[in-house]
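See below for the structure under consideration.
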Amino acid sequence: MKIITWNVGGIHSPINRKKILQALHRKSVDIAMLQGTHLDTVEHLKLHTWWVDQVHENPALGRKAGVVILVKKGVDFQVHRQYQDPQGHYLFLKGELEGKELVLGTYYGSNVLDVSFNCFVRRLLLSLDGLPLILGGDFNAVADPILDCSGSQGSGWGPGGRTLPYYCTALGLVDAWRALHPSERDYTHVLCAHGTLSRIDCILMMEPLFSLVTGLAIAPNQISDHACVEVAVDVAVGWGRTGH
């Protein structure tokens, strides 16, 4: 099963929405976690189209942020509970994927340390009693300022830079791309003001799911200034709880 995270950079235009949906369809994506849609609920529901069966969204506030999770037709995903914030920065879906319990999350980060979100995620993980989690997003932060950033700006991300390492250490999540490429450099975004390349878009997973990863790639595109991150997971194999 292919899961993708992608900051689409605003898709008010019907033309851009169509381009995004076509790109996802060509990639044979099963679940898409999109950030930066800048859409309200009515506009989000227009993403329910020829290949999309489910649209789970947290609308933008004043044309800022906005996140959505799209599920392809034929994918057996049942949502039991939804968690979201009022600003349109995150969305978590607790449910069953192909009959197996898990949580899917998408996150659109700010450039400051989001203490409230960190606390929420920690409480959520504790309340889930080790239920596996896949979290995709634009964290607006790098985990490693040396490997994940091309220039000197890597050490100057400010308070927001502590967010991603926090998830990977304190919460026991695995940065899937970095775990598979421990010393390689690749980037998902260009900071135009400085010409700095950075890897701020990531898929974080709990260990039981990471062990089922069969492929992972950073895929540049011509539509957004963020590359998408794609992961393939063998959902035919069962997974258990993590013990958190």
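The values are calculated or read from the model by the stated rules, or taken from the named source; none is laboratory data. This is a predicted model, so every value here is computed, not measured. Neighbour counts are summed over all protein chains in view; Cβ atoms, including those assigned to glycine, are modelled from backbone coordinates with ideal geometry. Note: areas computed on protein heavy atoms with side chains; ligands, DNA, RNA excluded. Shrake-Rupley method; radii C 1.70, N 1.55, O 1.52, S 1.80 Å.
Computed with a 1.4 Å probe over protein heavy atoms only, the accessible surface of the chain comes to 42 Å² per residue.
For a paramagnetic label modelled on residue 46 (point 7 Å from Cα along Cα→Cβ), amide N atoms under 19 Å away belong, within the range 4-19, to 8-19. Need one number: the % of Cα-Cα pairs in the range 180-226 sitting beyond the 15 Å mark. For the range 180-226, the share of Cα pairs beyond 15 Å comes to 56 percent. Determine the shape class of the range 14-70: with a ≥ b ≥ c the square roots of the Cα gyration tensor eigenvalues, call it rounded for a/c under 1.5, and otherwise prolate if a/b is greater than b/c, oblate otherwise. It comes out prolate by the Cα gyration axes. Taking Cβ atoms as reference points and 12 Å as the exclusive limit, the residues near residue 12 contribute a net charge of +1, counting Lys and Arg as +1 and Asp and Glu as -1. Accessible surface of the chain, 1.4 Å probe: 52 percent of it comes from carbon and sulfur atoms. Most simply put, the range 1-138 has about 70% antiparallel DSSP beta bridges, counting only bridges with both residues inside it. Over the chain, dividing the summed -39,500 (n - 2.57) contributions of all DSSP H runs of at least 4 residues by the number of residues returns a 222 nm mean residue ellipticity of -5000 deg cm²/dmol. Candidates 37, 150, 93 compared by Cα position along the dipole of the chain: farthest toward the positive end lies 37, with charges placed on Cβ. Apply the a/c threshold of 1.5 to the C-alpha gyration tensor of the range 1-99 and tell me whether it is rounded, prolate or oblate. Oblate, because a/c is 1.5 or more while a/b does not exceed b/c. Pairs spanning more than 25 Å between alpha-carbon atoms, out of 18/100; 19/64; 2/94; 64/100; 18/72; 2/73: 18/100; 64/100. Here the calculated FRET efficiency for residue 15 and residue 185, from their Cβ-Cβ distance with R0 = 45 Å, stands at 0.85, rounded to the nearest 0.05. Extension gain, residue 119 to residue 100, is 4.2 nm, computed as 0.36 nm per intervening residue step minus the present C-alpha separation.
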